[in-house]
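The values are calculated or read from the model by the stated rules, or taken from the named source; none is laboratory data. For clarity, every value in this text was computed on a predicted model and none was experimentally measured. Heads up, the Cβs are rebuilt from the backbone with ideal geometry, glycines too, and the neighbour counts pull from every protein chain shown.
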Amino acid sequence: MAGGLRDSFDDNDGIEEVGEINVTPFIDVMLVLLIIFMVAAPMATVNAPVDLPKLNSQSQPTTDKPVYVSLQLDKTLLVGEQPVDKTTLKAALDLATENDTEKRILIRADRSIPYGDVIVVMNHLRASGYNRVALVGLDGASTAP
């Protein structure tokens with residue numbers, strides 16, 4: 001016969017099979033995504049100056065009397081009417097709130113005080129265990145900027 005059947009089926013045609021995944025395309029895609037996010041991330045942040053508005057709403061009636069913490073222009077702290085420093089702030093708050101850390105604390109700060117100084121006072125309040133902290137603003141109809 002001109003054509004015959006092979007006795008053994010050998011699939012060796014000179015090409016060796018590789019059982020590994022080629023990760024080069026995956027790395028290329030990841031690098032392109034990294035570049036896209038590196039370019040897009042700075043555009044997503046907002047660096048606009050903010051002129052905060054005055055309050056237009058009526059104040060909410062409360063059942064309990066809040067404790068006021070005032071930050072004056074010379075950066076002195078007052079709890080109620082008593083001057084305190086940052087080291088004795090917790091003791092003065094404990095005395096004013098009768099050790100009730102759930103009592104509302106209102107922060108009053110002079111308009112000219114930097115925002116960072118107000119945040120430092122808020123951090124001291126939260127470190128002392130007082131988490132119900134709010135800021136006090138002027139009524140929008142009473143004064144002009």
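Has region 16-30 got any residue that is assigned to a loop (DSSP other than H, G, I, E, B), under 19 Å from Gly137 (Cβ atoms) and at pLDDT below 80?
No; the residues of region 16-30 include none that is assigned to a loop (DSSP other than H, G, I, E, B), under 19 Å from Gly137 (Cβ atoms) and at pLDDT below 80.
Working carefully through the options Val69, Val79, Val84, find the one that is touching a residue at least 40 places away in the same chain (Cβ under 8 Å) and either surrounded by 15 or more Cβ atoms within 10 Å (Cβ to Cβ) or among the polar types (S, T, N, Q) (or both).
None of the other options fit; the residue is Val69.
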